[in-house]
Amino acid sequence: MGNSYAARINDANIVEEVLVVPFVGSDSELMKLLSGWKLDGQWILTYRDGSKRSHYAGVGYFYDAERDEFVPPEHVLVDGEWSAPMLEDVIDPEAVV
């Protein structure tokens, strides 16, 4: 059936690690598998195609439990939605040579 991907989040809901694991169908099955491997912490399934939880989790991503989605570190919450910052917010036009 392929593989699944597991993201370990810390108490601040920041992804600290992502593992490839044998296929599991739910977060509860994932926790059972990983506890059998003696891997502690909170683990959540992430999907390479972003079909669930908005993005494939990477180290440094934020897990928004209310929305059940992974958010890239550079995104900001604007009017209740996560979005990438505008280019002018990232690049100082005075610094461009």
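The values are calculated or read from the model by the stated rules, or taken from the named source; none is laboratory data. Only a predicted model underlies this, so the values are computations on that prediction, with no experimental measurement involved. So basically every Cβ, Gly included, is an ideal-geometry build from the backbone, and we count neighbours across all protein chains shown.
Residues in region 2-40 that are touching a residue at least 12 places away in the same chain (Cβ under 8 Å), on the phi > 0 side of the Ramachandran plot and exposed (fewer than 15 other Cβ atoms within 10 Å of the Cβ): 1 in all.
Go through region 27-44 and report how many residues are outside any helix (DSSP H, G or I) and either touching a strand residue (DSSP E or B) at 6+ places or on another chain (Cβ under 8 Å) or modelled with pLDDT of 90 or more (or both). Don't jump to the end; show me each part of the working.
Of region 27-44, the ones outside any helix (DSSP H, G or I) are 37-44.
Still in the running and either touching a strand residue (DSSP E or B) at 6+ places or on another chain (Cβ under 8 Å) or modelled with pLDDT of 90 or more (or both): 37-39, 41-44.
Number satisfying all stated conditions: 7.
Of the residues making up region 1-26, those that are of a type in the set (Gly, Ala, Ser), part of a loop (DSSP other than H, G, I, E, B) and closer than 14 Å to Asp68 by Cβ number 1.
Within region 83-92, is there a residue that is within 18 Å of the chain's Cα centre (by Cα), among the hydroxyl-bearing types (Ser, Thr, Tyr), part of a strand (DSSP E or B) and at pLDDT below 90? So far as region 83-92 goes, yes, one or more of its residues are within 18 Å of the chain's Cα centre (by Cα), among the hydroxyl-bearing types (Ser, Thr, Tyr), part of a strand (DSSP E or B) and at pLDDT below 90. Apart from one condition, Asp49 fits all of (1) in contact (Cβ under 8 Å) with a residue 12 or more places away in the chain; (2) surrounded by fewer than 16 Cβ atoms within 10 Å (Cβ to Cβ); (3) within 14 Å of Phe70 (Cα to Cα); the exception is (1). Restricting attention to region 45-64, and to residues there that are outside any loop (DSSP other than H, G, I, E, B) and among the hydrophobic types (A, V, I, L, M, F, W, C), which single residue is farthest from Glu81 (Cα to Cα)? The extreme case among them is Leu45.
The residue that is farthest from the chain's Cα centre (by Cα), among those in region 65-75 that are at pLDDT 90 or above and assigned to a strand (DSSP E or B), is Glu69.
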